[in-house]
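Structure first, commentary second.
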Amino acid sequence: MNNNDRIQFTSSKIDDLMFRTTFDPKSMEGDVIVNLSLIDSQDFDDVFKIFKMAINSGLSVSPLLKVLHEGDSMGGMTIEKGKVGFATLCSISIDGILLKAGVMIKPRFGGLVEIKDGAPKRFTNVLTYSSTTIDPLEVLMSQELTSVMKMLKTGSGKILANLREAPLVARDVIDSTLSDMVDAGLTGILEVGEPNTRILDVPVERDHLGIVVIGGTNPMAVVQEYGIPIRTNAMSTLVNINELVHINDI
């Protein structure tokens, strides 16, 4: 068995991408992690409208993205004939930025969060990064368990999100770094927990706090809920932030 044949659990892939993330929210320079989604060219207008609605509703990590057309390449993948690609920010970028700021962040799992009357209540389904070779949010999307569109219409439903833990001693650095991220347009933080306290009904380690980040694949989940075929490669590759543009500027 060569290196390319070895099983790689998602937790190992995340560690690699986190260390390679170089984006600085203050200078707006550096590399971020993106998800790459493919659709049929004929569905572009409908999908773009859905993406715009979901992203402008706050259901993404960032409003920055890149549209790739037939023949364009990214991360070793070339867009095939009849397809269009969307490169969107992956939530693991936030972990990479926190790590770069000196916070020993520990991604735990991806899952579904129940939203009721506009407020997050609890995780209902989770998959740990250390137990799967496929991104948990990809798995949950494939099971058609989301109700993101219902949440957007009624304020109640289930969306994709991730949980990570961080040491309590880093609280001040976390707060200032997350503030810098918001200023830079990375607004995917759903909730920051109190030290040694359950977050969305999930316990955290002693002397740690939980951070829940909105899943970068929520717009793709809405596309799927509309019955439009979409194939998503989560945590696809790293790109320079300057290659991405605001969705409202496309």
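The values are calculated or read from the model by the stated rules, or taken from the named source; none is laboratory data. Predicted model only: the values in this text are computed from it and were never measured. Every residue, glycine among them, receives a Cβ derived from its backbone with ideal geometry; neighbour counts consider all protein chains shown. Areas reflect the complete protein model, heavy atoms only, side chains present, ligands, DNA and RNA absent. Shrake-Rupley method; radii C 1.70, N 1.55, O 1.52, S 1.80 Å.
Figures for the structure shown
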{"read-out": "Residue, nearest to the chain's Cα centre (by Cα), within the stretch 44-67, restricted to residues that are small (Gly, Ala, Ser) and surrounded by fewer than 22 Cβ atoms within 10 Å (Cβ to Cβ)", "value": "Gly58"}
{"read-out": "First in the stretch 138-161 and touching a residue at least 12 places away in the same chain (Cβ under 8 Å), second anywhere and among the acidic types (Asp, Glu) and assigned to a helix (DSSP H, G or I), Cβ under 9 Å, 6 or more apart", "value": "Glu144/Glu225; Thr146/Glu225; Ser147/Glu225; Val148/Glu225; Met149/Glu225"}
{"read-out": "Selection within the stretch 76-113 - over 17 Å from the mean Cα position of the chain (by Cα) and more than 21 Å from Ala170 (Cα to Cα)", "value": "Gly76, Met77, Thr78, Ile79, Glu80, Lys81, Gly82, Lys83, Val84"}
{"read-out": "Subset tally (residues that are of a type in the set (Gly, Ala, Ser), at pLDDT below 95 and touching a helix residue (DSSP H, G or I) at 6+ places or on another chain (Cβ under 7 Å)) for the stretch 1-36", "value": "1"}
{"read-out": "Which listed residue is of a type in the set (A, V, I, L, M), modelled with pLDDT under 95 and out of contact with any Ser or Thr (no Cβ under 6 Å at 6 or more places or on another chain), from Ile92, Ile39", "value": "Ile92"}
{"read-out": "Complete set of residues in the stretch 63-97 that are in a strand (DSSP E or B) and of a type in the set (A, V, I, L, M)", "value": "Leu64, Leu65, Val67, Leu68, Met74, Met77, Val84, Ala87, Leu89"}
{"read-out": "Any hit, the stretch 202-218, residues being of a type outside the set (D, E, K, R), without any contact (Cβ under 8 Å) to a residue 12 or more places away in the chain and under 22 Å from Ser11 (Cβ atoms)", "value": "yes"}
{"read-out": "Checklist (1) more than 20 Å from Met28 (Cα to Cα); (2) under 18 Å from the mean Cα position of the chain (by Cα); (3) open to solvent by 60 Å² or more (accessible area, probe 1.4 Å) applied to Ile230, failing item", "value": "(3)"}
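Table: residues versus (1) modelled with pLDDT of 95 or more; (2) on the phi < 0 side of the Ramachandran plot; (3) surrounded by fewer than 22 Cβ atoms within 10 Å (Cβ to Cβ); (4) hydrophobic (A, V, I, L, M, F, W, C).
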site: Thr133; (1), (2), (3), (4): no, yes, yes, no
site: Pro136; (1), (2), (3), (4): no, yes, no, no
site: Met141; (1), (2), (3), (4): no, yes, no, yes
site: Ala161; (1), (2), (3), (4): yes, yes, no, yes
site: Thr187; (1), (2), (3), (4): no, yes, yes, no
site: Leu209; (1), (2), (3), (4): yes, yes, yes, yes
